[in-house]
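Student: Below are the structure tokens for one structure; questions will follow.
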Amino acid sequence: MAAEFSMMLDSDLQRFSNEIAALDMKPLWERVMRLAPGTAARAAIWRWQDTRPLLMRACELITAKQAERRVLMLENPMLPGTTFITPTLYAGLQAILPGENAPTHRHTPNALRFIMEGEGAYTAVDGERIAMRPGDFVVTPGWTWHDHGNLGTKPVVWLDGLDTAFANLFGAHFREDHPEDSRPVPRPAGVSAVLSYPYERTLEALERSATGGEPDPSHGWKLRYRDPATGRDPFPTVAAFMQRLPKGFAGRNCRSTDGAVYCVVDGKGSVHIGATHLEFAPRDVFVVPPWEPYRFSAAADCVIFSYSDRAAQEALGFWREES
């Protein structure tokens, strides 16, 4: 009798669900969305030994002007079709050859550049040229006109990081091309120091941290980039970091709710992310998804750049860490 009553109730509930569906309504008790920390994204690595030849091949096949931006996007294997490396972040490897110019445009998403290889290139933000050297972290605030050029003799490659997903989520992704390939330079280069964080200064700061105490058991010595004018993160959505792991470092497991993209500057080591073990070397890029436990090991002294959506999560009161 109880079984028959349960079947009748299920049938009535199904008819009810069908009825309200016509009014674009759905019962809360039938929801299937994720109600736990973490995302569908998984750990992944893009090794420099694989990506650099492909970038050089792209340089042979298409010019920077034809492509507008000659970029190979790093798409998370579990987020196909999104172009994103985590649900909230974009990552891509951009290459520019000597004498090339990537035309001027602007967009609402904020963009960062982390220089991986080569010298002689620049990015111009609202007409101000900022030199790009390996290890430099360069800021392109949202809705600023920007173009890139290479005045050197060799290819220059950098990692692009954007908060495109935030603009898309809010329906606020605007974009505009400038009628000229580049804008006149109205001010001397280097006027806005907050647009560039040179690698030499970052290394000096890391060295000072290393002399001031023991490394964090999970992160080694880790610095967070701040806008010197405001004391805040370079972007309202994205936080950026540089960390140093001493040779022999065996990190403690930790996890946090921000998804993070890492680019190895120097050294070799490994990272365990959940059940995944990844060996890394200079210029490799890897992703640690939100709330996945991870730990670092360093076979040599390592310096690693990273960025994540921690700034947005902290502003919204969502960010959590566990170690």
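Student: Quick one: which residue in A250, A240, A260 is over 18 Å from R113 (Cα atoms) and touching a residue at least 40 places away in the same chain (Cβ under 8 Å)?
Tutor: That would be A250, the only listed residue that is over 18 Å from R113 (Cα atoms) and touching a residue at least 40 places away in the same chain (Cβ under 8 Å).
Student: Can you find even one residue in segment 227-237 that is of a type in the set (A, V, I, L, M) and in a strand (DSSP E or B)?
Tutor: Checked segment 227-237: no residue is of a type in the set (A, V, I, L, M) and in a strand (DSSP E or B).
Student: Then there's this: Go through (1) among the hydrophobic types (A, V, I, L, M, F, W, C); (2) in a loop (DSSP other than H, G, I, E, B); (3) buried (at least 20 other Cβ atoms within 10 Å of the Cβ) and name the single condition V303 misses.
Tutor: (2)
Student: Collect the residues in segment 181-207 that are at pLDDT 95 or above and among the basic types (K, R), keeping them in residue-number order.
Tutor: R201
Student: Within segment 204-223, how many residues are surrounded by 15 or more Cβ atoms within 10 Å (Cβ to Cβ) and of a type in the set (S, T, Y)?
Tutor: 2
Student: Taking the condition farther than 21 Å from T88 by Cβ, crowded, with 22+ Cβ neighbours inside 10 Å and not assigned by TED's automatic domain parsing to the domain that holds N168, does R295 pass?
Tutor: The answer is no for R295.
The values are calculated or read from the model by the stated rules, or taken from the named source; none is laboratory data. Values in this document were obtained by computation on a predicted structure and should not be read as measured data. Backbone-built Cβ (ideal geometry, glycine too); neighbour counts: all protein chains shown.
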